[in-house]
Amino acid sequence: QALFNLLIPDHAADAFCPPRLSEPGLWDLLVERLLGGLSHWDAEHFLFIAERGYLYEHNCAFFPLYPLSVRAVAEGALWPLQRLLRLRSRLLLSAVLLNSLFSVLAAAALYKLGCVVLQCRRVAFLAAVLFSVSPANVFMAAAYSESMFAFLAFSAMWQLEKGQSWLSGLLFSLASGVRANGLVNAGFFLYSRGKCFALQLQVGSGLVRRRPPLWKQLLSLASSAVLVCAGIFLPFALFQYYAYVRFCSPGTGREQTVPRPLLQLALDKGYRLAAVNGVKPPWCSQRFPVVYSYIQDAYWNVGLLRYFELRQIPNFLLALPVTLLGSWAAWTYVTANPRHCLTLGLARRKSEEEGKPRAGFCCPAVFVYVVHATVLLAFGFFCMHVQVLTRFLGSSSPILYWFSAHLLHEHEPFLRSEGTDNQTVAPRSEKSLLGKSGSCGKGASANPVVRLLLNCTLITPLSKCVLGFFLAYWLLGLVLHCNCLPWT
């Protein structure tokens, strides 16, 4: 990133770029030279919020938990550097350190989740390695909230699969304080509760007497669902209330506390500050004043089919690989499990009754994740700026990595020849498994992706396409994003 940022001049993009209010020192210039490429586009919003709070109305499109975390680390762990670095530089350094940590933790959580859901350690490990070279990787490193959201979402899914409902609900709640699409994760908890209830109704008649009455089960189901969903929606509701108080309640002399350069930026760009002279934004008068939806509509023209224009064809082409991969994943799963999909996974299968659950991407437990990824894909394709689909799915759903790992594992002889333990989770140490998974001769790498790349002339065309997509977007993301050029 530092190399590309040094060699390629930055593009003069029409993006949010607030003025620096203090002269940088020598160490500030060094940090900017090394890490400045990770502070462009939306990263400017997050760093500005961490430094100045929600000064402009359109800043409220970015949720508070990530910038609060960045500020906490900058003021806490990096406090000894305050004599060397100004706050802006410490915030950038804090964001990069946090995202490095969250990316590693997200990969670990994805691996653990894959072991539980897929019942196949090989595919789970391969998916985690693919996450490490995600096509959205530049956003996992830059001062964006993607890595934090991925860590919280994957960890919450893992805890829910383990039966830790309340811990899962807490993590899902934190995730909804990072990104708005965290609200959709409430569906995982609702489906989990509904499936347990449906399967309990299908058990043998001999066990019916041992269960509590039906009305008690329904009451317990409804109460737990309401409580957990309320907890997941709470951060979103609190943030909308904060924005309403901040921008819809007139303040006396509040504009005088804003530095003059930032006031001038608001005048030049048309940014709206907090309510001044009794003038309120239009969304304040709505029956349910939600600033997030208003900003998406008024500032970025986000809405159903609004992006379907001829001039947006390059952006649709940019999102084409992840669109095809996500659609292919859904089609593969539906064709492999038509009855399971028609019954929404609520009917007990013969294999489950015999105690022999299927393993791999097409196993029954993947159903809810396929539905989640398909919903995000459809919403992003038809209602959002389509080029963000890569990082939108890459930080929200494990399907992109599970299906890619499935394709490599099923169609690549280099991986299939390693063994046949892909049916269940073998009771052995992960260290021995990883050692075996890379045993392809003297000095062979234990990393399956590296192994495929070392034999790139011999792998199948499908493997080349999958790895080419991941690595090409990984590299292009660094080159383009870090120089203010348009990217996903």
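Of all residues in segment 17-43, those satisfying the criterion of being in contact (Cβ under 8 Å) with a residue 40 or more places away in the chain and within 20 Å of residue 274 (Cα to Cα) are 18, 19.
Based on what the data block shows, is residue 367 touching a residue at least 12 places away in the same chain (Cβ under 8 Å) and either within 28 Å of residue 179 (Cα to Cα) or touching a strand residue (DSSP E or B) at 6+ places or on another chain (Cβ under 6 Å) (or both)? Considered against the rule, which asks whether it is touching a residue at least 12 places away in the same chain (Cβ under 8 Å) and either within 28 Å of residue 179 (Cα to Cα) or touching a strand residue (DSSP E or B) at 6+ places or on another chain (Cβ under 6 Å) (or both), residue 367 comes out as yes.
Would you confirm whether or not segment 297-309 contains a residue that is open to solvent by less than 40 Å² (accessible area, probe 1.4 Å) and either modelled with pLDDT of 95 or more or within 14 Å of residue 389 (Cβ to Cβ) (or both)? Checked segment 297-309: at least one residue is open to solvent by less than 40 Å² (accessible area, probe 1.4 Å) and either modelled with pLDDT of 95 or more or within 14 Å of residue 389 (Cβ to Cβ) (or both). Meeting the requirement of 3 or more residues that are surrounded by 15 or more Cβ atoms within 10 Å (Cβ to Cβ) and either modelled with pLDDT of 85 or more or acidic (Asp, Glu) (or both), the helices (runs of 4 or more DSSP H) wholly within segment 331-384 are 367-383. Considering each residue of segment 385-418, count those that are polar (S, T, N, Q), in a helix (DSSP H, G or I) and at pLDDT 95 or above, and give that number. So the count comes out to 2. For segment 1-35, which positions are over 28 Å from the mean Cα position of the chain (by Cα) and assigned to a helix (DSSP H, G or I)? Of everything in segment 1-35, those that are over 28 Å from the mean Cα position of the chain (by Cα) and assigned to a helix (DSSP H, G or I) turn out to be 6, 7, 26, 27, 28, 29, 30. Any residue at all in segment 457-467 that's closer than 19 Å to residue 317 by Cα, surrounded by 15 or more Cβ atoms within 10 Å (Cβ to Cβ) and in contact (Cβ under 8 Å) with a residue 12 or more places away in the chain? Scanning segment 457-467, I find at least one residue that is closer than 19 Å to residue 317 by Cα, surrounded by 15 or more Cβ atoms within 10 Å (Cβ to Cβ) and in contact (Cβ under 8 Å) with a residue 12 or more places away in the chain, so the answer is yes. Taking the stated definitions as given, is residue 57 out of contact with any Ser or Thr (no Cβ under 6 Å at 6 or more places or on another chain), over 20 Å from residue 152 (Cα atoms) and open to solvent by less than 50 Å² (accessible area, probe 1.4 Å)? Answer is yes for this residue. Quick one: is residue 95 within 17 Å of the chain's Cα centre (by Cα) and under 21 Å from residue 268 (Cβ atoms)? When the stated conditions are applied, residue 95 does not pass them. Taking the criterion of being touching a residue at least 60 places away in the same chain (Cβ under 8 Å), farther than 26 Å from residue 171 by Cα and outside any helix (DSSP H, G or I), the residues of segment 53-107 that qualify are 55, 56, 85, 86.
Considering segment 75-92, and only residues there that are open to solvent by 40 Å² or more (accessible area, probe 1.4 Å) and among the basic types (Lys, Arg), the residue that is nearest to residue 143 (Cα to Cα) turns out to be 86. Scan segment 168-187 and tell me whether some residue there is free of Cβ contacts under 8 Å to residues at least 60 places away in the same chain, open to solvent by 10 Å² or more (accessible area, probe 1.4 Å) and either of a type outside the set (Ser, Thr, Tyr) or farther than 22 Å from residue 43 by Cα (or both). Yes: segment 168-187 contains one or more residues that are free of Cβ contacts under 8 Å to residues at least 60 places away in the same chain, open to solvent by 10 Å² or more (accessible area, probe 1.4 Å) and either of a type outside the set (Ser, Thr, Tyr) or farther than 22 Å from residue 43 by Cα (or both). For segment 142-167, residues that are of a type in the set (S, T, N, Q) and either out of contact with any Leu (no Cβ under 7 Å at 6 or more places or on another chain) or over 16 Å from residue 232 (Cα atoms) (or both) total 4. For residue 12, the conditions (1) among the hydrophobic types (A, V, I, L, M, F, W, C); (2) over 25 Å from residue 291 (Cα atoms); (3) crowded, with 18+ Cβ neighbours inside 10 Å are fulfilled apart from (3).
The values are calculated or read from the model by the stated rules, or taken from the named source; none is laboratory data. None of these values were measured; they are calculated from a predicted model. Cβ sites come from the backbone with ideal geometry, for glycine too, and all protein chains shown count toward neighbours. When the accessible area is computed, the model is the full protein with side chains, heavy atoms only, and any ligands, DNA or RNA have been set aside. Shrake-Rupley method; radii C 1.70, N 1.55, O 1.52, S 1.80 Å.
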